[in-house]
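Worksheet for the structure shown next.
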Amino acid sequence: MEWLSEFGAIAAMQGFNGLSVFCVLLLMALGLAIIFGQMGVINMAHGEFLTIGAYTTYVCSSLTAHFAPSFQPYYFFFAIALSFLVAGAVGWLVEWAMISRLYKRPLDTLLATWGLSLVMQQTFRSVFGAREVSAEPPAWLMGSVNFTDAIEIPRNGLFMMGLTLLLTATIFLMLYRSRWGLQVRATVQNRLMSRAVGINTRKVDRMTFALGCGVAGVAGAAFTTIGSTGPTAGSQYIVDTFLVVVFGGAQSLFGTIASAFLIAQTQSLSEFFLSGSMAKVLTLSSVILILMLRPQGLFSIKVRK
Amino acid sequence: MKALDKLLGGQQNLIGIMLLAVLILVVFPLTLDAFRLNMVGKYLTYAFVAVGLVLCWGYGGILSLGQGVFFGVGGYCMAMFLKLEASDPQSTKIQSTPGIPDFMDWNQITELPWLWQPFHSFTFTVFAVIAVPVLLAFIIGIALFKRRVGDVYFSIVTQAIALILTVLIVGQQGLTGGVNGITDLKTLLGWDLRTDSAKMILYFISAGLLFGCIFIGRFILASKLGRLLMAMRDKEERVRFSGYDVASFKIFVFCVAAAFSAIGGAMFALQVGFMSPSFVGIVPSIEMVIFAAVGGRMSLLGAVYGALLVNYGKTYFSESFPELWLYLMGGLFIAVVMYFPNGLAGLWDSHGRQALAKLLRRKPAPKAEIAPVTPKAETKILETQP
């Protein structure tokens with residue numbers, strides 16, 4: 001019977017592994033689900049907003065360690081809030097300066113935001129240096145929880161999961177249960193009509209974009225607990241993130257969650273049998289194959305065009 | 001004579017082509033040393049991609065972010081042939097398995113993989129350089145355009161394909177040489193590629209091929225197909241309802257762009273002497289789009305200037321001010337897209353031409369005489385774009 005419990009432990013750990021990948025993917029994709037899924041803006045600099053959050057957390061961590069070491073256990077919550085604000089503020093500025101002029105040219109937005117991402121990467125490199133930095137996570141996030149002798153769940157993984165859950169729920173409530181969310185969805189479906197019924201679409205656009213960037217910032221803050229941060233940390237994930245949103249069906253928050261889950265499980269499961277790079281190739285190719293069969297993604301809202 | 005005129009697109013364009021030809025075929029070879037000329041030759045291979053992008057993005061409205069895939073596949077086909085020639089049993093006799101490329105030997109591969117077998121033949125290689133990328137583009141095109149996958153989604157999917165191919169090449173080290181790529185390419189059918197004279201000849205060959213591509217592009221744009229492409233870009237539904245099969249036109253122009261990129265890739269492998277995944281992935285693919293955007297997405301000749309200028313800038317700045325380069329490149333992206341959507345060619349059409357006329361005649365000539373009809377019509381279409 002020993003092999004059975006061992007097998008169970010491996011399965012549990014493997015499942016948890018998949019869940020962590022899921023959380024990482026979902027955290028990254030949530031901001032983009034708002035910006036790309038809801039607004040239809042292709043923000044290639046989304047990864048850099050993630051990096052902003054990560055660097056903000058790093059700065060908070062260093063400042064705390066330097067000036068108020070006793071504050072160390074609590075700084076992380078403060079850092080998350082600050083990451084949200086900083087990334088959101090930068091997003092607000094970017095929308096004002098660039099995106100708002102390009103709403104009618106989606107393909108050009110893609111190129112312009114790619115340019116923005118290059119500029120932001122180089123800015124990070126100039127300010128923080130090319131070497132990767134890492135924030136000091138609070139002590140209560142270190143180590144792992146032992147459920148049984150064989151099953152060990154790392155605490156930062158649990159924290160990520162909780163944060164993902166909280167963030168997803170908040171965004172869901174905001175989009176589908178608030179007046180603001182109603183305005184956002186109305187603007188997305190028919191900009192002209194929304195303006196006609198008195199919605200300030202410019203303001204809604206700006207707030208939505210800023211919120212999406214802020215969420216990316218929170219994701220970046222959370223990532224500091226599992227890895228270090230470099231100038232190009234965020235940009236490596238940009239294609240995966242876009243695929244998650246497209247695969248789930250843009251405009252559908254539930255689709256984004258489902259596709260993040262599917263992609264994460266496929267990835268971690270195939271990593272069990274194949275090498276890391278081949279697992280990635282397999283996952284991405286199957287996503288593209290399914291997209292070819294079902295271009296509108298897994299879940300889509302029927303809209304008349 | 002009429003056909004020739006159509007091909008060249010009137011007197012204005014003839015002058016444009018002559019100027020470019022003089023610059024590339026006379027001025028560069030006379031003024032630059034062998035090293036710099038080889039570098040310009042390398043830039044010209046990117047111009048192939050940019051010319052293809054003008055066709056499929058500027059006129060067809062299909063923004064492919066995966067042109068590096070076709071550039072890379074074309075380049076890898078050529079590199080595989082050259083590598084096989086470089087690894088004859090004589091020069092690889094110190095390996096545990098002589099006669100196979102060195103990186104395979106390092107990866108404990110003892111037999112030439114079947115994928116490599118046909119690349120012993122030069123005829124097959126030349127065929128494969130064009131055919132494999134075109135086939136790939138055809139498959140991607142048929143899968144996406146027939147299902148009416150929209151423009152933005154198409155860009156994202158092509159970008160993902162670029163990522164997949166890069167990961168695949170890097171991961172399959174024994175088959176592809178991994179991150180380092182295929183290096184140490186020496187001879188082509190016994191002809192030493194590393195000498196200055198060989199590089200000079202290759203430069204002229206790629207310049208000739210580039211002009212061939214420009215002529216093909218011009219021919220396509222002057223034909224009814226060119227009109228249809230523009231119509232599709234601006235009002236796809238209307239073209240579809242007029243009874244045209246929109247998807248097949250899109251597939252065709254995407255395949256043409258892929259073929260151009262592949263020729264560029266093959267010439268790259270010949271001139272630079274290696275091929276690596278760093279020319280396949282997302283970053284190079286999107287950089288190739290900026291070449292076309294800077295030169296002018298609506299101008300075949302502009303794309304060549306764009307590729308030359310941006311690459312020259314890249315070399316110059318990354319040699320002298322590496323810190324500044326990314327700022328400049330990013331700024332260029334943003335500025336071109338936001339303020340000069342028609343790139344250099346657009347600026348030339350709106351300002352340069354008249355300034356030149358003023359300079360030459362000392363008085364502003366009547367506008368209708370100077371400005372050709374086509375670019376004006378094009379800007380009009382671009383403005384009404386939704």
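Under 6 Å by Cβ, and 6 or more places apart or on different chains, what pairs join a residue from the range B:323-340 that is within 7 Å of chain A (Cβ to nearest Cβ) and in contact (Cβ under 8 Å) with a residue 24 or more places away in the chain with one that is of a type in the set (Gly, Ala, Ser) and part of a helix (DSSP H, G or I)? Correct list of pairs: B:Phe333/A:Gly115; B:Val337/A:Ala112. Just checking, which of B:Ala259, B:Ala269, B:Ala292 is surrounded by fewer than 24 Cβ atoms within 10 Å (Cβ to Cβ), in contact (Cβ under 8 Å) with a residue 24 or more places away in the chain, not charged (D, E, K, R) and not in a loop (DSSP other than H, G, I, E, B)? Matching residue, one of B:Ala259, B:Ala269, B:Ala292: B:Ala259. Scanning the range A:255-295 for residues that are part of a helix (DSSP H, G or I) and within 11 Å of chain B (Cβ to nearest Cβ) yields a count of 17.
Here B:Ser318, B:Ser276, B:Ser285, B:Ser261 are screened, and the one residue that is farther than 30 Å from B:Phe81 by Cβ and among the small types (Gly, Ala, Ser) is B:Ser318. When A:Tyr103 is tested against (1) at the interface with chain B (Cβ under 7 Å from one of its Cβ atoms); (2) part of a loop (DSSP other than H, G, I, E, B), only condition (1) is not met. For the range A:55-103, residues that are aromatic (Phe, Trp, Tyr) and either more than 20 Å from A:Val215 (Cβ to Cβ) or more than 20 Å from the chain's Cα centre (by Cα) (or both) total 6. Evaluation of A:Thr232 against the conditions (1) touching a residue at least 40 places away in the same chain (Cβ under 8 Å); (2) within 14 Å of chain B (Cβ to nearest Cβ); (3) part of a helix (DSSP H, G or I) shows that the sole unmet condition is (3). Taken over the range B:242-255, residues that are among the hydrophobic types (A, V, I, L, M, F, W, C) and modelled with pLDDT under 90 amount to 2.
The set of residues in the range B:272-289 that are part of a helix (DSSP H, G or I), touching a Gly at 6+ places or on another chain (Cβ under 7 Å) and within 14 Å of another protein chain (Cβ to nearest Cβ) comprises B:Pro277, B:Pro284, B:Ser285, B:Met288.
Each row is one residue, and each column tells you yes or no for (1) under 19 Å from the mean Cα position of the chain (by Cα); (2) assigned to a helix (DSSP H, G or I); (3) under 21 Å from B:Phe274 (Cα atoms); (4) at pLDDT 90 or above.
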residue	(1), (2), (3), (4)
B:Arg148	no, no, no, no
B:Tyr153	no, yes, no, no
B:Ala162	yes, yes, yes, yes
B:Val170	no, yes, yes, no
B:Gly174	no, yes, yes, no
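The one condition from (1) in a helix (DSSP H, G or I); (2) within 9 Å of chain A (Cβ to nearest Cβ); (3) touching a residue at least 40 places away in the same chain (Cβ under 8 Å) that B:Ile130 does not meet is (2). Only residues that are within 28 Å of B:Ala257 (Cα to Cα) and of a type in the set (Lys, Arg) were counted across the range B:174-213, and they come to 1. Quick check, is A:Val127 surrounded by 18 or more Cβ atoms within 10 Å (Cβ to Cβ) and at negative phi? Taking the combined requirement at face value, the residue does not satisfy it.
In the range B:162-200, which residue that is facing chain A (nearest Cβ under 7 Å) and within 27 Å of A:Leu107 (Cα to Cα) is surrounded by the fewest Cβ atoms within 10 Å (Cβ to Cβ)? Within the range B:162-200, the match that is surrounded by the fewest Cβ atoms within 10 Å (Cβ to Cβ) is B:Val167.
The values are calculated or read from the model by the stated rules, or taken from the named source; none is laboratory data. All values reported here derive from a predicted model rather than from experimental measurement. Cβ: placed from backbone, ideal geometry, glycine included. Neighbour counts: every protein chain shown.
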